[in-house]
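Engineer: Just passing along the structure, written as structure tokens.
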Amino acid sequence: MKATLVKKPIGMLVLINLLAFLLLFFYRKPHNLQILYVGGSIMVLNVITYSVIVFLKLGDEYLFLIASMLITVGVVMLCRLNYTLGIAQVGWYLASLGVFYVTYIAYRYINFWSNLKWLYFALSVALYILTLTVGVTINGAKNWIVVGGHSFQPVEVIKVLFIFFLAARLTGNNKKILNLPENYATAFFAFIFIAFLLFQREWGIMLLFFFCYITLIYIYDSNKLFVALNVLVCTVVGVAGALTMHHIAVRIHTWKNPWSDISNTGYQITQSLFAIAAGGFFGTGIGMGRPDFIPEAHSDFIFSAICEEMGVFGGVAVILLYLIFIYRGIKIVLTLPKGFDKCAALGITIMFAFQTFIIIGGVIKLIPLTGITLPFISSGGSSLVSSFISLGVLQAMSARGNEHGK
Amino acid sequence: MVNKKIIKVLMFIVFLFVLLIGHLTYFIVFKKDEVSQNSHNKRLWAYEEDIVRGEIADRNGIVLAFSKEGERIYNYNSLYCHVIGYNSKIYGKTNIESKFNSLLLGRGGLTEVFNLSGDGKVGYDLTLTIDHRLQHYAYGRLGNANGSIVAINPQTGEVLALVSKPDFDPSNAVLIKKWTELTENSNSPLLARATSGLYPPGSTFKIITSAAAIEKGMDNDMYSDTGSVIIGNTAFYNYGKKANGEIDFKKAFALSSNFAFCSMGAALTSPTLRDMAQRFGFDKTFDFDIDFSKSAFAAKDTDEAGSAALAIGQGETLATPLQMALTACAVANDGVIMKPYIVQKATNKNGNLVYEKKPQQLYKPITSEVSEKIKDLMVETVKTGTGKNAGIRNISVAGKTGTAENELLGKENNKEHAWFVGFAPADDSQIVVAVMLEYSGGSGGELCAPIARDIINTYLKK
């Protein structure tokens with residue numbers, strides 16, 4: 001019986017929780033009991049949520065398993081960097097689970113989500129304007145709002161709204177606007193979403209929205225010429241940006257040769273590469289490397305910190321976890337009948353995929369670096385809550401897909 | 001239709017993720033070392049601050065370098081600057097301090113796999129092959145001249161002494177104070193002449209020419225040495241234009257007759273000489289315990305006159321004193337050059353061995369028959385020829401002198417490089433010595449042979 005428990009994924013998850021947090025507890029002197037509390041809380045939250053999903057038959061059980069494994073990796077790393085960050089992250093995890101259940105129930109039992117496209121758009125624009133007017137600049141991007149001492153990023157919510165808006169436009173009946181053909185009107189509004197990001201200098205999310213938009217119209221628009229035209233427009237906008245905007249030009253130059261200016265523009269990416277190189281294939285071991293040398297090691301660059309201490313094998317394992325997550329997501333999408341649900345589930349899944357690719361590709365210097373969080377792993381409430389809203393939607397759809405299949 | 005496209009998108013995403021994994025793997029396999037060694041990598045020093053760097057001792061346990069309170073202390077100041085090198089946060093690391101950095105920090109070596117506890121607060125200690133007594137003697141014997149002395153045990157490849165002058169104090173405090181002066185000094189004190197200085201080898205190259213001549217069966221030829229010979233359109237003279245009369249091969253070598261060797265070189269031609277030089281290690285490199293320069297034989301084939309010049313170690317050929325010592329090693333050790341090394345072992349604080357170098361063959365340029373013949377020539381040189389000053393009573397010394405013209409020829413007088421390479425005892429060689437004095441103006445026989453004699457004597461008397 002015990003043997004089979006360990007063989008089950010949840011057993012492995014518990015085992016990893018135990019090992020990682022005990023290791024963290026013992027390696028640092030004086031021993032900090034809080035690390036054990038954090039580890040225990042994570043484990044309890046993981047097991048309870050997993051049991052709820054399995055016993056109440058809330059659909060696909062692997063999505064949450066993978067997400068909770070990613071969260072575990074993230075919290076271990078955060079505790080190792082600065083345990084107050086780890087404690088905060090557990091708090092956010094608890095809150096996110098609440099949001100997850102609410103989203104699940106709301107999506108599972110309410111069916112008018114496809115009718116609210118203008119609400120999504122209006123809400124997004126309102127959030128954008130709010131950010132631009134009362135927002136504060138943290139780390140070079142004006143994308144934070146501070147409420148009662150807590151700062152959060154509205155764009156994390158806009159990400160979900162953007163997908164819902166596109167799904168509603170692409171699969172519903174649309175009235176004519178300004179005599180434009182339907183798809184051109186959709187494009188017009190999609191580019192409004194993207195244009196706001198320009199003012200916030202959110203290059204990472206801009207790129208992410210481009211990718212998601214193009215992929216969705218590739219799938220849902222049978223007019224190849226229109227798709228090609230959109231790709232062309234995105235490319236022209238990108239090239240024009242690189243040529244005219246200093247910020248983008250610097251990033252591309254830094255990507256091509258970060259070593260020419262290590263102490264300035266190349267600082268972040270070279271520190272990231274130093275960390276990955278220090279880890280090698282097997283890593284230095286948790287607590288034995290120097291991820292504190294990496295700037296933003298708790299958020300955008302957390303993948304480099306993972307590679308340093310858990311090795312490139314650890315990093316590859318994380319990449320593969322995302323890949324399985326995305327595979328499960330696509331599998332759910334394929335079981336759903338044609339319509340809004342399918343498109344929204346697809347949008348959410350590919351958004352996870354592209355976001356992961358953009359930030360990991362950035363910190364390993366495969367593509368130019370644009371600041372964006374690593375879903376489920378990076379420190380921060382907005383990102384985690386947003387990811388769990390998406391997860392809640394996917395979870396509800398997987399339950400629907402099961403019903404549909406029966 | 002939609003599902004088909006979704007699967008295509010999934011395939012594309014899989015492709016992107018495989019790209020991530022591929023790039024990471026590529027980075028670790030091909031870029032890791034280069035990136036980690038970048039001087040901007042704070043980890044290089046961060047690890048070291050917590051670790052007491054290992055000691056470095058000579059072959060008899062005399063401590064040459066150790067660390068105290070984060071400072072690297074060199075017990076003999078400048079004596080080992082071109083062997084151990086320096087270890088500076090600002091100027092980096094060189095020589096042993098650089099190549100053996102991991103072991104000195106207690107990483108790497110045999111125990112790495114088992115050393116999971118991270119208990120690496122103390123580095124490993126290195127034991128060198130250098131004999132401090134000999135090193136110290138050689139250093140003093142070289143005096144204030146610019147030049148170098150290399151001493152090697154030809155049977156094992158152990159480097160016994162390695163001195164280059166001018167030198168400098170490698171301690172961090174002195175480096176900080178004198179760095180500009182050291183880098184701008186026209187005497188280049190930072191250049192390790194013994195291993196990285198490249199010089200025309202002059203007549204010491206005749207060892208290699210002889211090897212080629214013996215293989216071609218030219219060692220029974222006779223020469224009527226008139227003191228000068230014209231080959232092509234070029235005149236070649238003996239040292240001091242001295243005519244040696246009717247001489248055989250052995251005498252030609254012992255008296256260092258350019259008349260004979262230029263004629264030989266013209267007959268052998270440059271490709272044959274190049275082939276033989278490369279067999280002795282010219283144009284080749286190997287992994288050595290400190291950085292060194294590759295010695296280079298003339299790259300282009302040349303006419304008779306050019307080949308004649310190459311045969312007497314002039315022309316485009318450049319060699320390090322280390323290379324000429326290795327050349328003598330082949331003769332001293334039955335045609336085999338053992339791979340030279342300076343660090344014989346590393347031990348942890350409990351005295352357990354974590355690294356050990358075993359003698360191994362580097363090159364075998366000639367057969368033992370050929371090496372015996374050349375040895376006879378070199379013994380004759382010390383007995384009756386240009387190397388007489390290297391002779392020691394009751395010990396059979398073998399050697400070859402050299403006086404090499406250089407880029408100052410015709411501009412300034414008396415600026416030739418003086419060379420001597422030799423070994424003893426001839427029938428069971430314990431030590432090979434190469435002595436080189438740059439721009440000394442004297443002959444190898446006058447200036448270098450006595451130094452080599454004293455070093456051999458000091459070492460064998462022990």
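Engineer: Inside segment A:285-309, can you point out the residues that are within 21 Å of B:T25 (Cβ to Cβ), away from chain B (no Cβ under 11 Å) and either open to solvent by 50 Å² or more (accessible area, probe 1.4 Å) or under 15 Å from the mean Cα position of the chain (by Cα) (or both)?
Structural biologist: A:F301, A:I302
Engineer: In addition: Filter segment B:58-68 down to the residues that are of a type outside the set (K, R) and out of contact with any helix residue (DSSP H, G or I) (no Cβ under 6 Å at 6 or more places or on another chain), then identify the one that is surrounded by the most Cβ atoms within 10 Å (Cβ to Cβ).
Structural biologist: Of everything passing the filter in segment B:58-68, B:A65 is surrounded by the most Cβ atoms within 10 Å (Cβ to Cβ).
Engineer: Sticking with this structure for a sec: Any residue at all in segment A:232-240 that's open to solvent by 70 Å² or more (accessible area, probe 1.4 Å), at pLDDT 85 or above, closer than 30 Å to A:A168 by Cα and polar (S, T, N, Q)?
Structural biologist: yes
Engineer: Would you call A:S272 within 17 Å of A:T370 (Cα to Cα), assigned to a loop (DSSP other than H, G, I, E, B), open to solvent by less than 70 Å² (accessible area, probe 1.4 Å) and of a type in the set (G, A, S)?
Structural biologist: So A:S272 fails the test.
Engineer: Given B:L10, B:L19, which one is assigned to a helix (DSSP H, G or I), facing another protein chain (nearest Cβ under 9 Å) and open to solvent by 40 Å² or more (accessible area, probe 1.4 Å)?
Structural biologist: Result: B:L19 is the single residue among B:L10, B:L19 that is assigned to a helix (DSSP H, G or I), facing another protein chain (nearest Cβ under 9 Å) and open to solvent by 40 Å² or more (accessible area, probe 1.4 Å).
Engineer: Let me ask you something else. Which one of these does A:W203 not meet: (1) within 19 Å of A:I348 (Cβ to Cβ); (2) at pLDDT below 90?
Structural biologist: Of (1) within 19 Å of A:I348 (Cβ to Cβ); (2) at pLDDT below 90, only one is false for A:W203: (1).
Engineer: Does A:S222 satisfy the criteria of being assigned to a helix (DSSP H, G or I), polar (S, T, N, Q), within 13 Å of chain B (Cβ to nearest Cβ) and without any contact (Cβ under 8 Å) to a residue 60 or more places away in the chain?
Structural biologist: Judged against the criteria, A:S222 is not a match.
Engineer: Considering only segment B:87-98, I want to know if a residue exists there that is within 14 Å of chain A (Cβ to nearest Cβ), among the aliphatic types (A, V, I, L, M) and either surrounded by fewer than 18 Cβ atoms within 10 Å (Cβ to Cβ) or not in a helix (DSSP H, G or I) (or both).
Structural biologist: Residues of segment B:87-98 that are within 14 Å of chain A (Cβ to nearest Cβ), as a first pass: none.
Within segment B:87-98, none of the residues are within 14 Å of chain A (Cβ to nearest Cβ), among the aliphatic types (A, V, I, L, M) and either surrounded by fewer than 18 Cβ atoms within 10 Å (Cβ to Cβ) or not in a helix (DSSP H, G or I) (or both).
Engineer: Of the residues B:V29, B:V2, B:V35, only one is closer than 20 Å to A:P258 by Cα and facing chain A (nearest Cβ under 7 Å); which?
Structural biologist: Checking each option against the conditions leaves just B:V35.
Yes/no per residue for (1) under 25 Å from B:A404 (Cβ atoms); (2) basic (K, R); (3) modelled with pLDDT of 95 or more:
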residue	(1), (2), (3)
B:E158	no, no, yes
B:S171	no, no, no
B:L190	yes, no, no
B:S224	no, no, no
B:I231	yes, no, no
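This table checks each residue for (1) within 15 Å of B:T327 (Cα to Cα); (2) loosely packed, with under 15 Cβ neighbours inside 10 Å; (3) touching a helix residue (DSSP H, G or I) at 6+ places or on another chain (Cβ under 7 Å).
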{"site": "B:I230", "(1), (2), (3)": "no, yes, no"}
{"site": "B:N233", "(1), (2), (3)": "no, yes, yes"}
{"site": "B:K241", "(1), (2), (3)": "no, yes, no"}
{"site": "B:E246", "(1), (2), (3)": "no, yes, no"}
{"site": "B:F261", "(1), (2), (3)": "no, no, yes"}
{"site": "B:K300", "(1), (2), (3)": "no, yes, no"}
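Engineer: I've got another one for you. For B:K364, state whether it is touching a strand residue (DSSP E or B) at 6+ places or on another chain (Cβ under 9 Å), surrounded by fewer than 21 Cβ atoms within 10 Å (Cβ to Cβ), within 18 Å of B:D275 (Cβ to Cβ) and at pLDDT 95 or above.
Structural biologist: yes
Engineer: Every residue in segment A:258-269 that is in a loop (DSSP other than H, G, I, E, B), open to solvent by 30 Å² or more (accessible area, probe 1.4 Å) and either touching a residue at least 12 places away in the same chain (Cβ under 8 Å) or within 8 Å of another protein chain (Cβ to nearest Cβ) (or both), please. Step through it out loud before you land on a result.
Structural biologist: Start the filter on segment A:258-269 by keeping residues that are in a loop (DSSP other than H, G, I, E, B), which leaves A:262-266.
Still in the list and also open to solvent by 30 Å² or more (accessible area, probe 1.4 Å): A:263-265.
Those that are in a loop (DSSP other than H, G, I, E, B), open to solvent by 30 Å² or more (accessible area, probe 1.4 Å) and either touching a residue at least 12 places away in the same chain (Cβ under 8 Å) or within 8 Å of another protein chain (Cβ to nearest Cβ) (or both): A:S263, A:T265.
Engineer: Hey, another quick one. Would you tally the residues in segment B:179-198 being in a loop (DSSP other than H, G, I, E, B) and without any contact (Cβ under 8 Å) to a residue 60 or more places away in the chain?
Structural biologist: Qualifying residue count, segment B:179-198: 7.
Rundown of residues vs (1) of a type in the set (A, V, I, L, M, F, W, C); (2) surrounded by fewer than 21 Cβ atoms within 10 Å (Cβ to Cβ), yes/no style:
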site	(1), (2)
A:V38	yes, no
A:L45	yes, yes
A:F55	yes, yes
A:L81	yes, yes
A:A95	yes, yes
A:Y101	no, yes
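Engineer: Right, next: Identify, by number, the condition in (1) open to solvent by 60 Å² or more (accessible area, probe 1.4 Å); (2) away from every other protein chain (no Cβ under 14 Å); (3) under 19 Å from B:V122 (Cβ atoms) that B:R53 doesn't meet.
Structural biologist: (1)
Engineer: Do any helices (runs of 4 or more DSSP H) entirely within segment B:249-302 hold 3 or more residues that are more than 16 Å from B:A211 (Cβ to Cβ), and if so, which?
Structural biologist: Answer list for segment B:249-302: B:258-268.
Engineer: Can A:L36 be described as touching a Pro at 6+ places or on another chain (Cβ under 6 Å) and in a helix (DSSP H, G or I)?
Structural biologist: It is false that A:L36 is touching a Pro at 6+ places or on another chain (Cβ under 6 Å) and in a helix (DSSP H, G or I).
Engineer: With respect to the numbered conditions (1) in contact (Cβ under 8 Å) with a residue 24 or more places away in the chain; (2) outside any helix (DSSP H, G or I), which one is the sole condition not fulfilled by B:H40?
Structural biologist: Unmet condition: (1).
Engineer: Counting only residues that are among the small types (G, A, S) and more than 33 Å from the chain's Cα centre (by Cα), which one in segment B:15-50 is farthest from B:D125 (Cα to Cα)?
Structural biologist: So the residue we want is B:G22.
Engineer: Anything in segment A:346-400 that is more than 17 Å from A:M206 (Cβ to Cβ), of a type in the set (A, V, I, L, M), open to solvent by 10 Å² or more (accessible area, probe 1.4 Å) and within 14 Å of chain B (Cβ to nearest Cβ)? List them, or say none.
Structural biologist: A:L366
Engineer: Ok, one more. In segment B:69-82, is there at least one residue being of a type in the set (S, T, N, Q), open to solvent by 20 Å² or more (accessible area, probe 1.4 Å), modelled with pLDDT under 95 and within 22 Å of B:Y355 (Cα to Cα)?
Structural biologist: Taking every residue of segment B:69-82 in turn, none turns out to be of a type in the set (S, T, N, Q), open to solvent by 20 Å² or more (accessible area, probe 1.4 Å), modelled with pLDDT under 95 and within 22 Å of B:Y355 (Cα to Cα).
Engineer: While we're looking at this one, here's another question. Which count do you get for residues in segment A:319-344 that are surrounded by fewer than 24 Cβ atoms within 10 Å (Cβ to Cβ), touching a residue at least 60 places away in the same chain (Cβ under 8 Å) and either within 30 Å of B:V29 (Cα to Cα) or touching a Leu at 6+ places or on another chain (Cβ under 8 Å) (or both)?
Structural biologist: Looking only at that region, the number is 3.
The values are calculated or read from the model by the stated rules, or taken from the named source; none is laboratory data. The shown structure was predicted, so the numbers you read here are calculated from the model rather than taken from an experiment. Every residue, glycine as well, gets a Cβ built from its backbone with ideal geometry; the counts of neighbours run over all protein chains shown. To get the accessible areas, we keep the full protein, side chains included, count just its heavy atoms, and leave off ligands, DNA and RNA. Shrake-Rupley method; radii C 1.70, N 1.55, O 1.52, S 1.80 Å.
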